[in-house]
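The values are calculated or read from the model by the stated rules, or taken from the named source; none is laboratory data. Every value quoted in this text rests on a predicted model; they were computed, and no experiment measured them. We place every Cβ from the backbone using ideal geometry, glycine too, and count neighbours over all the protein chains shown. Remember, those area values only see protein heavy atoms, side chains included, never the ligands or the DNA or RNA. Shrake-Rupley method; radii C 1.70, N 1.55, O 1.52, S 1.80 Å.
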Amino acid sequence: MWTRVSDFDRMFTAMDQLRSRMNRLFWDFDRSYGNDYGWVVAEGAPRTNLYDVGNHFEIRAEVPGMTREDLNIRIQGNYLEISGTRKADAPEGYQAHRVERGAGSFTRSFTLPAEVDTEKAEASLKDGILTLSLPKSEAAKPKQITIN
Amino acid sequence: MSDKAELVKREETTPERSRRIPAVAPVVDIYENTDEILLYADMPGVAKDAISINVDNGKLTISGVRTVTATGAANWAEFGDVEYTRVFSVPQAIDVDKVNAELRDGVLKLHLPKSEAAKPRQIEIKAA
């Protein structure tokens, strides 16, 4: 009897493996249409991440191929606006076989969860990722409360 | 009971390898002139060390891994860890030894020079 159960079990294991392999098949198929992960201006604006790090917010945005001069950042209270232009970098005298990378300009605005201290805001650009560090205003910072 | 133990054991002996990082094809531009083929690929956030470029048996594979280290709590996250990977067929005319790449602002630029034999040649007609 026990051996029979183990046979069933083995069969289910094999079926599980088959199922996960099938799932991966579709996943691999989708991969070839990875264009949604590319940077296309037509889609609107670069993707961003917002992290809340206690005393400050950190915003990261994908801006491949853009330099400091191409980007504009404006903050007012809890309103943030990132705009930029990506220039077409097609080389002179070449024949184009495939052009998937978009060029153009974008503007994206955000309402931050709290007001930020605009004076101390910092921005950096590395490997096509824009990182903004926005310290929260005094009122928005987390406070430690001591028990009397 | 012994059966249960066996069940657990078997799962361990047949581990299922699963990729945790999603792989996507980066968007590319491909240009060509008489001297070379030029390839641009958008790979934002990929460091120089995390990129590998292989030319093997007429196949060019570019691959770059980006890891996004989250700091604090994410209010929203539209991008994350990703493996940019894409395979191209390279014509025979490419001089594989002279392929060179540069990475700037998250854009990979790959120069694929054509071998001397493949370059177009102007043939002069000699007066007889």
In the range A:20-56, residue most open to solvent (accessible area, probe 1.4 Å) [restricted to those that are more than 8 Å from chain B (Cβ to nearest Cβ) and at pLDDT 85 or above]: A:Asn55
Filter the range B:21-32 down to residues that are assigned to a loop (DSSP other than H, G, I, E, B) and open to solvent by 30 Å² or more (accessible area, probe 1.4 Å) and give me whichever is modelled with the lowest pLDDT. B:Ile21
For the range A:83-94, state whether one or more residues are of a type in the set (Phe, Trp, Tyr) and closer than 24 Å to A:Asp52 by Cβ. no
Can you find, within the range B:71-92, the residue that is nearest to A:Leu134 (Cα to Cα) among those that are among the hydrophobic types (A, V, I, L, M, F, W, C) and surrounded by 14 or more Cβ atoms within 10 Å (Cβ to Cβ)? B:Ala74
Considering the range A:92-148 alone, what residues qualify as being in contact (Cβ under 8 Å) with a residue 40 or more places away in the chain and among the charged types (D, E, K, R)? A:Glu100, A:Arg101, A:Arg108, A:Lys136, A:Lys141
Filter the range B:54-70 for residues that are closer than 30 Å to A:Tyr51 by Cβ and buried (at least 18 other Cβ atoms within 10 Å of the Cβ) and give the result. B:Ile62, B:Ser63, B:Gly64, B:Val65, B:Arg66
Give the range A:133-148 a look and list any residue that's surrounded by fewer than 16 Cβ atoms within 10 Å (Cβ to Cβ) and within 14 Å of chain B (Cβ to nearest Cβ), or say none. A:Lys141, A:Pro142
Look through the range B:35-53, keep the residues that are closer than 13 Å to B:Leu112 by Cβ and more than 7 Å from chain A (Cβ to nearest Cβ), and return whichever of them is nearest to the chain's Cα centre (by Cα). B:Ile53
Hey, which of the strands (runs of 3 or more DSSP E) in the range A:77-119, taking only ones fully inside, have at least 3 residues that are assigned by TED's automatic domain parsing to the domain that holds A:Ile59? A:79-86, A:104-111
Name the single residue that is farthest from the other protein chains (Cβ to nearest Cβ) among those in the range A:103-132 being within 19 Å of B:Asp105 (Cα to Cα) and buried (at least 17 other Cβ atoms within 10 Å of the Cβ). A:Phe106
Take the range A:101-148 and flag every residue that is of a type in the set (Gly, Ala, Ser) and in contact with a Leu (Cβ under 6 Å, 6 or more places away or on another chain). A:Ala121, A:Ala123
